[in-house]
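K.L.:
Once you've had a glance at the structure underneath, I'll fire off some questions.
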């Protein structure tokens, strides 16, 4: 993989280090939890640069999170060197989310417009034409193939879940392709650990469901550090999943996954999968300048949005603070 000139990121890295100071770090999360009041959460988020939103409306919160995400992408896009694939890696999931929503809307005969995201790599109108009118011109090739095949699967099976599984496979292939084109070893590693985490989740879910090797193969994605065939062999043979991941950043998550199969909490397992990804990203703290701090910042913002949702929904549902706290992911800032 050809490496690019990291000095091109000198100014942007300085900007990112400044933006990190306004992030919802662990200390601010604790302040939110200790306050126990959604009004206080709104105040803290506004101090971090979020727009105004209703303290008692999840719809209003989601609008604020979407606006903050758009703002973040805009700030990075303005300064980033000629490497759009770095931003693409974080925007691609919205493309596939939109395709899923639009396809389900067609099958179920409903209007899912309110569920669509405007933060994708591809303009929303282009995706709508691709899914609703089969006008695929202007779409990236992998996404174009994904829409075509998903439409065929839905037409043949009328099963949105099968289409979702297919789209997930294309999603990770698209991520892998974008990371390769970006020529960033760090971004490539990030995508690979994301795929590893997704595959480990598939392993635990498959075993919990009592499904076999062929089912598991349909749920595994190519491109991770851990070979898919070896994953299947490990599960089928009854060998230790924990041992298989013992040299991986996912070793704690794998151990938790084994405990979940024995009746332990899935919430902790899911959290540890995400924490392994954050552990990979944390190495960017020691990089003075380059693409690494930018990538880690974008990923940390995604973790931030998740944390805000967990805290707000937990408090609004009257959950114990310790239960909410246990669900919060590690964040590298």
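The values are calculated or read from the model by the stated rules, or taken from the named source; none is laboratory data. Here the structure is a predicted model, which is why all the values come from computation and not from measurement. All Cβ positions, glycine included, derive from the backbone under ideal geometry; neighbour counts span all protein chains shown.
K.L.:
I'd like the full set of residues that are touching a helix residue (DSSP H, G or I) at 6+ places or on another chain (Cβ under 7 Å), farther than 23 Å from residue 187 by Cα and surrounded by fewer than 19 Cβ atoms within 10 Å (Cβ to Cβ), limited to segment 265-289.
P.N.:
266, 267, 268
K.L.:
Are there any pairs with C-beta distances below 9 angstrom linking a residue in segment 130-142 that is part of a loop (DSSP other than H, G, I, E, B) to a residue that is loosely packed, with under 13 Cβ neighbours inside 10 Å, with the two at least 6 apart or on different chains, and if so which?
P.N.:
From residues that are part of a loop (DSSP other than H, G, I, E, B), the pairs are 138/123.
K.L.:
Would you call residue 45 part of a helix (DSSP H, G or I), at pLDDT 90 or above, in contact with a helix residue (DSSP H, G or I) (Cβ under 6 Å, 6 or more places away or on another chain) and buried (at least 17 other Cβ atoms within 10 Å of the Cβ)?
P.N.:
Values: part of a helix (DSSP H, G or I): yes; at pLDDT 90 or above: yes; in contact with a helix residue (DSSP H, G or I) (Cβ under 6 Å, 6 or more places away or on another chain): no; buried (at least 17 other Cβ atoms within 10 Å of the Cβ): yes.
Considered against the rule, which asks whether it is part of a helix (DSSP H, G or I), at pLDDT 90 or above, in contact with a helix residue (DSSP H, G or I) (Cβ under 6 Å, 6 or more places away or on another chain) and buried (at least 17 other Cβ atoms within 10 Å of the Cβ), residue 45 comes out as no.
K.L.:
Take the residues in segment 80-118 that are farther than 20 Å from residue 291 by Cβ and in a loop (DSSP other than H, G, I, E, B), then tell me which one is farthest from the chain's Cα centre (by Cα).
P.N.:
Residues of segment 80-118 that are farther than 20 Å from residue 291 by Cβ, as a first pass: 94-118.
Among the residues that remain, those that are also in a loop (DSSP other than H, G, I, E, B) are: 109-112, 116-118.
Numbers: 109: 28, 110: 26, 111: 25, 112: 21, 116: 16, 117: 14, 118: 16 Å.
Looking at residues that are farther than 20 Å from residue 291 by Cβ and in a loop (DSSP other than H, G, I, E, B), I get 109.
K.L.:
Follow-up. From (1) buried (at least 20 other Cβ atoms within 10 Å of the Cβ); (2) more than 18 Å from residue 27 (Cβ to Cβ), pick out the condition that doesn't hold for residue 251.
P.N.:
(1)
K.L.:
Just to be sure before I move on: is residue 295 under 19 Å from the mean Cα position of the chain (by Cα) and either buried (at least 18 other Cβ atoms within 10 Å of the Cβ) or outside any helix (DSSP H, G or I) (or both) in the structure I sent? Don't jump to the end; show me each part of the working.
P.N.:
Working: under 19 Å from the mean Cα position of the chain (by Cα): yes; either buried (at least 18 other Cβ atoms within 10 Å of the Cβ) or outside any helix (DSSP H, G or I) (or both): yes.
When the stated conditions are applied, residue 295 passes them.
K.L.:
Checking the structure you have, find out if any residue of segment 185-197 is over 30 Å from residue 58 (Cα atoms), surrounded by fewer than 16 Cβ atoms within 10 Å (Cβ to Cβ) and in contact (Cβ under 8 Å) with a residue 60 or more places away in the chain.
P.N.:
Checked against the condition, which is being over 30 Å from residue 58 (Cα atoms), surrounded by fewer than 16 Cβ atoms within 10 Å (Cβ to Cβ) and in contact (Cβ under 8 Å) with a residue 60 or more places away in the chain, segment 185-197 yields at least one hit.
K.L.:
Which fully enclosed helices (runs of 4 or more DSSP H) of segment 159-272 have 2 or more residues being under 23 Å from the mean Cα position of the chain (by Cα)?
P.N.:
Values: elements: 160-182, 185-209, 213-219, 228-237, 241-244, 251-261.
Where helices (runs of 4 or more DSSP H) fall fully within segment 159-272 and carry at least 2 residues being under 23 Å from the mean Cα position of the chain (by Cα), they are 160-182, 185-209, 213-219, 228-237, 251-261.
K.L.:
Tally time: how many residues in segment 17-32 are within 18 Å of residue 68 (Cα to Cα) and free of Cβ contacts under 8 Å to residues at least 24 places away in the same chain?
P.N.:
Number of matching residues: 3.
K.L.:
Could you please find all residues in segment 86-107 being touching a residue at least 24 places away in the same chain (Cβ under 8 Å), closer than 19 Å to residue 160 by Cα and touching a helix residue (DSSP H, G or I) at 6+ places or on another chain (Cβ under 8 Å)? Break it down stepwise before answering.
P.N.:
If we filter segment 86-107 for residues that are touching a residue at least 24 places away in the same chain (Cβ under 8 Å), which is where we start, we get 86-96, 98-100, 102-104, 106-107.
Those left that are additionally closer than 19 Å to residue 160 by Cα: 93-96, 98-100, 102-104, 106-107.
Answer for segment 86-107, where residues must be touching a residue at least 24 places away in the same chain (Cβ under 8 Å), closer than 19 Å to residue 160 by Cα and touching a helix residue (DSSP H, G or I) at 6+ places or on another chain (Cβ under 8 Å): 93, 95, 96, 98, 99, 100, 102, 103, 104, 106, 107.
K.L.:
Would you please name the residue that is farthest from residue 197 (Cα to Cα), looking only at residues in segment 207-227 that are crowded, with 18+ Cβ neighbours inside 10 Å and without any contact (Cβ under 8 Å) to a residue 40 or more places away in the chain?
P.N.:
216
K.L.:
Give the residues of segment 137-184 that are buried (at least 21 other Cβ atoms within 10 Å of the Cβ) and either in contact with a strand residue (DSSP E or B) (Cβ under 9 Å, 6 or more places away or on another chain) or farther than 20 Å from residue 120 by Cα (or both), sorted by residue number.
P.N.:
Correct list: 184 only.
K.L.:
Quick one: which residue in 69, 121 is buried (at least 18 other Cβ atoms within 10 Å of the Cβ), part of a loop (DSSP other than H, G, I, E, B) and touching a helix residue (DSSP H, G or I) at 6+ places or on another chain (Cβ under 7 Å)? It would help to see each step written out before you state the result.
P.N.:
Details: 69 fails: part of a loop (DSSP other than H, G, I, E, B).
Selected residue: 121, the only one of 69, 121 that is buried (at least 18 other Cβ atoms within 10 Å of the Cβ), part of a loop (DSSP other than H, G, I, E, B) and touching a helix residue (DSSP H, G or I) at 6+ places or on another chain (Cβ under 7 Å).
K.L.:
Right, another one. Identify, by number, the condition in (1) in contact with a helix residue (DSSP H, G or I) (Cβ under 7 Å, 6 or more places away or on another chain); (2) within 26 Å of residue 86 (Cβ to Cβ); (3) modelled with pLDDT under 90 that residue 111 doesn't meet.
P.N.:
In the conditions (1) in contact with a helix residue (DSSP H, G or I) (Cβ under 7 Å, 6 or more places away or on another chain); (2) within 26 Å of residue 86 (Cβ to Cβ); (3) modelled with pLDDT under 90, residue 111 misses (2) alone.
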